[in-house]
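To start, the structure under review is shown below, and the notes come after it.
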Amino acid sequence: MGSTTVTKRPDRARAPRAASGARPRGPDFGAWFLVLPALLPILVLSVGPLLYGLALAFTDAQSGRTQPTRWVGTLNFQDLLHDGLFWESFRIGLVWAVGVTVPQFLLALGLALLLDQKLRFRWLARALAIVPWAMPEVVVGIMWRLVYHPDAGILNETLRDLGLGQGHDWLSGLATALPAVIVVGVWAGMPQTTVALLAGLQNTPRELHEAAALDGAGAWRRFRTVTWPALRPVALAITALNLIWNFNSFALVYVLTSGGPGGRTRLPMLFAYEEAFRYGQFGYAAAMGCVMVAAVSVFVALSLVRRLKGDQDR
């Protein structure tokens, strides 16, 4: 037999790729042009006033002044540190925010669980549940002033009919003004929390509930092991937003009590409003606004850090 010669195939060197003649892409002005209609109102109505208020906090701006506004540095913030009335309003704002947010969430959760059931006229109940949300805060405040009216209010009339007393001036009493306003805040803000929680409930897979029921889990156990884990991200998000919104409340409390009696319902926003538009201290009021923005920013940062840690743990 003749020997077979195996010729090794020579390795072919890879030819270098031809350098592309395409130029590096610059900024996509077309995308910016599409985003601009949504970005411009934010810059004009939010970012611009925020930066202007921040600059105003370092001046002695006042209303009706003939002299030019001067730069005073951190003098407004130094005065604010020793202003006991402002920090008392800050404390009242925290009490108001927590006092409204916690009952608001609990009642909204119960209502969302109820509206998630297969009930007759469920569509009507869902429509009625969002009626307070559709009403302007000024209208809500006027309506509840009539409810709390010391002589002709429906609340005092009901108490008299039940023999529980001759009524009370709820919005003028030092001990009852803040609780009465908190009740209104809970009623007015509960629909938006209900809608958010109801959306979270409807995204929970029904198969999990059915499987838990087949395993013999009761209603509370199904809620704790199935419903709440799926609802928790929505609940945390809407609770954080409610705390921010309630802390920054203005119109509702202004219509109900204007901060009285004796400053018992003077929220930080009301205090800053009075300093700016009643006493004309624009620079000092702007410093108050900066402190409130900083407090809210710290809360938002802590919430985001906690959310990120929770996502990493999962």
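The values are calculated or read from the model by the stated rules, or taken from the named source; none is laboratory data. Since this is a predicted model, take the numbers as computed values, not measurements. Glycine also receives a Cβ, built like all others from the backbone with ideal geometry; neighbour counts cover every protein chain displayed. To get the accessible areas, we keep the full protein, side chains included, count just its heavy atoms, and leave off ligands, DNA and RNA. Shrake-Rupley method; radii C 1.70, N 1.55, O 1.52, S 1.80 Å.
Worth pointing out:
- Electrostatic bookkeeping for ASP151 treats Lys and Arg as +1 and Asp and Glu as -1; over the other residues with beta carbon under 11 Å from its beta carbon, the sum is -1.
- Averaging the sequence gap over all C-alpha pairs within less than 8 Å and six or more residues apart, then dividing by the number of residues, gives the stretch 177-251 a relative contact order of 36 percent.
- Total charge dipole magnitude, the chain, about the Cα centre, Cβ charges on Lys, Arg, Asp, Glu only, Debye to nearest 20: 1880 debye
- Of the whole protein surface, GLU137 contributes about 100 Å² of accessible area at a 1.4 Å probe radius.
- Surface listing: ARG65, ARG70 arranged by accessible area from highest to lowest gives ARG70, ARG65, probe 1.4 Å.
- Heavy-atom accessible area per residue - the stretch 225-266, 1.4 Å, Å²: 40 Å²
- Contact order for the stretch 51-185, expressed relative to its length and based on alpha carbon pairs under 8 Å spaced 6+ residues apart, stands at 13 percent.
- Label point distance in nm, TRP32-GLN78, each placed 7 Å from Cα along Cα→Cβ: 4.3 nm
- C-alpha center-to-center spacing [the stretch 76-146, the stretch 186-201] in angstrom: 10 Å
- Label-point separation, ALA125 to ALA294 (7 Å along Cα→Cβ), nm: 4.8 nm
- Taking the protein heavy atoms of the stretch 180-314 in the context of the full set of protein chains, the accessible area attributed to carbon and sulfur is 62 percent at 1.4 Å.
- Within-15-Å neighbourhood charge of GLY167 [Cβ basis; K, R +1; D, E -1]: -2
- Cα-projected label distance for VAL95 with LEU162, points at 7 Å along beta-carbon direction, nm: 2.5 nm
- Most mobile of ALA211, ALA272, ALA112 in a GNM of the chain (Cα contacts under 10 Å): ALA211
- As a ratio to 2.2 N^0.38 Å, the alpha-carbon radius of gyration for the chain is 1.52.
- Mean ellipticity per residue at 222 nm, deg cm²/dmol - from DSSP H runs of n ≥ 4 across the chain, formula -39500 (n - 2.57): -20500 deg cm²/dmol
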